[in-house]
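The values are calculated or read from the model by the stated rules, or taken from the named source; none is laboratory data. Since the model is a prediction, treat every value here as computed from it, not as a measurement. So basically every Cβ, Gly included, is an ideal-geometry build from the backbone, and we count neighbours across all protein chains shown.
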Amino acid sequence: MTNSILNALSLPAFMVDTRHVVVAWNGPCELLTGIAAGDVLGTQDHWKGFYDEPRPCLADLVLDNLLADASRFYSLHERTEFASDGYKAEGWFDDLMGKRRYLTFEAKPLFDGNKIIGAIEVLQDITRHKEAEEQLKLSASVFENAGANESVGRGVSVLSRSA
């Protein structure tokens, strides 16, 4: 039932239990990572869709309350309004198909009453947005440099006429 609930989401998502075993991996997560649900369900291999070597995903850090370690793995990270105990991170990653992607991650522990029973992680590929943002910054920098060069050129021209 858990996997069918996650499959209703349009965003990639997966769930791990308290042993960090994948209990749900939705279709959009399969498309993003290139890993079929059948290859990851029942394992602790959820990291394989994002990293070359075993390391904790954001869901693992949330589950184990190791959020202080987030800076070791993500360029940007913060507590979110996803829930008071939710966490968000983002950064550039190379996927298994060799494509460079900029991903956002949101993770939250799951409770049954007061007992933690697992964690959910939702991902979003915002690569095109980040590439456009970087292109805009580059264009602005080129424009600023061109304006500065033009101003210097005019100043030199004025100085040479007055000499």
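Values for this structure:
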{"read-out": "Number of positions in the range 96-125 that are outside any strand (DSSP E or B) and either outside the structural domain of Leu63 (by TED's automatic domain parsing) or surrounded by 15 or more Cβ atoms within 10 Å (Cβ to Cβ) (or both)", "value": "0"}
{"read-out": "The range 98-130, residues that are more than 17 Å from the chain's Cα centre (by Cα) and in contact (Cβ under 8 Å) with a residue 12 or more places away in the chain", "value": "Pro109, Leu110, Ile116, Ile117, Gly118"}
{"read-out": "Exclusive hit being outside any strand (DSSP E or B) and buried (at least 20 other Cβ atoms within 10 Å of the Cβ), set Asp69, Asp60, Asp52", "value": "Asp60"}
{"read-out": "Any pair with Cβ under 8 angstrom, 6 or more apart, that starts in the range 33-51 at a residue that is in the same structural domain as Trp92 (by TED's automatic domain parsing) and ends at one that is polar (S, T, N, Q) and in a loop (DSSP other than H, G, I, E, B)", "value": "Ala37/Asn26"}
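Residues are listed down the side, and each one gets a yes or a no for (1) more than 19 Å from the chain's Cα centre (by Cα); (2) among the hydrophobic types (A, V, I, L, M, F, W, C):
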site: Ser10; (1), (2): no, no
site: Asp17; (1), (2): yes, no
site: Asn26; (1), (2): no, no
site: Gly34; (1), (2): no, no
site: Val40; (1), (2): yes, yes
site: Trp47; (1), (2): no, yes
site: Arg55; (1), (2): no, no
site: Ala59; (1), (2): no, yes
